[in-house]
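No lab work stands behind these numbers, since they all come straight from the coordinates. Quantities reported herein were computed from a predicted structural model and do not represent experimental measurements. Ideal geometry is used to build each Cβ from the backbone, glycine not excepted, and the neighbour counts take in all protein chains shown.
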């Protein structure tokens with residue numbers, strides 16, 4: 001599986017697909033923890049178009065944007081404002097189309113960008129409680 005860097009145009013073009021995927025989820029079958037994950041993802045997906053294009057980072061696989069982040073660059077590090085995976089990749093129900101590793105790959109790309117900028121790979125992030133397990137890995 002080889003992820004590629006997504007352009008901001010590719011990211012913005014896929015948002016309607018992500019919105020449809022989120023709305024198609026049968027939320028009645030989700031646990032409270034899973035529902036929190038969906039609501040957080042839905043908020044972040046709605047927030048993506050409000051971000052300046054230069055802040056968006058993403059990874060793409062087989063023409064599909066699989067994960068998106070909004071970052072800001074400071075004097076000594078990159079700040080990860082949020083990261084969201086494609087709704088089909090949420091760890092909810094059995095989904096044969098689910099792609100594992102997209103957000104991890106995106107973080108690797110952001111760390112590489114931090115190294116290129118002379119920040120020694122430093123990135124900072126505040127995470128939502130529903131995402132704590134991902135960051136603990």
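Taking the number of Cβ atoms within 10 Å of each Cβ as an exposure proxy, the fewest-first ranking of 8, 70 is 8, 70. Between residue 23 and residue 54, the FRET efficiency from the beta-carbon distance, with R0 = 22 Å, is close to 0.15. Value of Rg to Rh for the chain, rounded to two decimals, is 0.95; Kirkwood radius and Rg both from alpha-carbon coordinates. Rounded to the nearest 10 degrees, the angle from helix 102-116 to the longest Cα principal axis of the chain is 10 degrees.
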